[in-house]
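The values are calculated or read from the model by the stated rules, or taken from the named source; none is laboratory data. Keep in mind it's a predicted model, so treat the numbers as computed, not measured. Methodologically, a virtual Cβ is constructed for each residue, glycine included, from the backbone with ideal geometry; neighbour enumeration extends over all protein chains shown. Only protein heavy atoms, including side chains, enter the accessible area calculation; ligands, DNA and RNA are left aside. Shrake-Rupley method; radii C 1.70, N 1.55, O 1.52, S 1.80 Å.
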Amino acid sequence: MRFNDGQTMTLRAPGGHRVKVRLEVNAKARRLIIRLDERRREAVAVAPSSRQIDAAAAFAAERVDWISTRLQHLPEVTRFEDGETIQYKGEDCLITLEGEGRIARLYPGEPRILSVPGDPETTQSRVVRFLKKQAKAELTKAATRHCETLRVANTGISVKDTRSRWGSCTVDGQLAFSWRLIMAPPEVLDYVAAHECAHLKEMNHSAKFWAHVARCCPDWQRQRAWLRLHGTELQAAGE
């Protein structure tokens, strides 16, 4: 059977679980890889070229037991709806539809309260809009500070809903970040900002690059470890 880029196949694990695997071609990939799409709760088999897409399908089939186990251990999805508790800057935040007007407002307390009065059907989109705005503001402040430390300049900062990377830096100095970082502890968001700013000096992950990261964020290893451990929880929120 021949496969195509973007096609989804269903495999059966030894325990009887059905596993969805999406096939994807990525020219930047150096080899066949398997990654998890936490939000779609499926695996992605990545091939470096379309000529290797069949090999990627076979690669996934050989590892179906591992894929099934990883998918079953994904965190539960957190909904952005009335009465749900989400994470905001690493702390609990309760969503409520109570309040006046239609603008989302954050109130201090334990837990914090995020008031999003209005149509319940638009709660999801309005919470995301609020979090994106806060993420843009916090990441802009962090990136500005780190750029000053490293004596570099970026040409723009944006927030996106990326699935595989928390941040990116282009050769022309554009920085992009996942808005979901606003749900992580502030120190984690700060580390990612430092990481991308360091790429403005070194477009690699050499010893020099990590030295630049350390100048901005001395405990970067702890923050990176947190993101590796809890990143799937951030990706599972709001779906």
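Of the residues examined, Ile113 is not one that is closer than 30 Å to Ile95 by Cβ and within 18 Å of the chain's Cα centre (by Cα).
Restricting attention to the range 34-73 and to residues that are more than 18 Å from Phe3 (Cα to Cα), surrounded by fewer than 18 Cβ atoms within 10 Å (Cβ to Cβ) and among the polar types (S, T, N, Q), the residue that is modelled with the lowest pLDDT turns out to be Gln72. The listed residues are Thr85, Thr78, and the only one of them that is open to solvent by less than 40 Å² (accessible area, probe 1.4 Å), closer than 30 Å to Leu189 by Cβ, in contact with a strand residue (DSSP E or B) (Cβ under 9 Å, 6 or more places away or on another chain) and not acidic (Asp, Glu) turns out to be Thr78.
If you go through the range 3-33 and keep only what is in a strand (DSSP E or B), touching a Leu at 6+ places or on another chain (Cβ under 8 Å) and open to solvent by less than 90 Å² (accessible area, probe 1.4 Å), you end up with Thr8, Met9, Val19, Val21.
Within the range 88-110, the set of residues being open to solvent by less than 50 Å² (accessible area, probe 1.4 Å) and under 24 Å from the mean Cα position of the chain (by Cα) comprises Tyr88, Gly90, Cys93, Ile95, Ala104. Checked against (1) farther than 22 Å from Gly231 by Cβ; (2) touching a helix residue (DSSP H, G or I) at 6+ places or on another chain (Cβ under 6 Å); (3) in a loop (DSSP other than H, G, I, E, B), Pro117 passes all but condition (2). Quick one: would you say Arg215 is among the basic types (Lys, Arg), without any contact (Cβ under 8 Å) to a residue 40 or more places away in the chain and either open to solvent by 20 Å² or more (accessible area, probe 1.4 Å) or not in a helix (DSSP H, G or I) (or both)? Here the answer is no, as Arg215 does not meet what is asked.
Listed residues Lys141, Lys132, Lys160; which is touching a residue at least 40 places away in the same chain (Cβ under 8 Å), open to solvent by 60 Å² or more (accessible area, probe 1.4 Å) and not small (Gly, Ala, Ser)? Going through Lys141, Lys132, Lys160 in turn, the sole match is Lys132.
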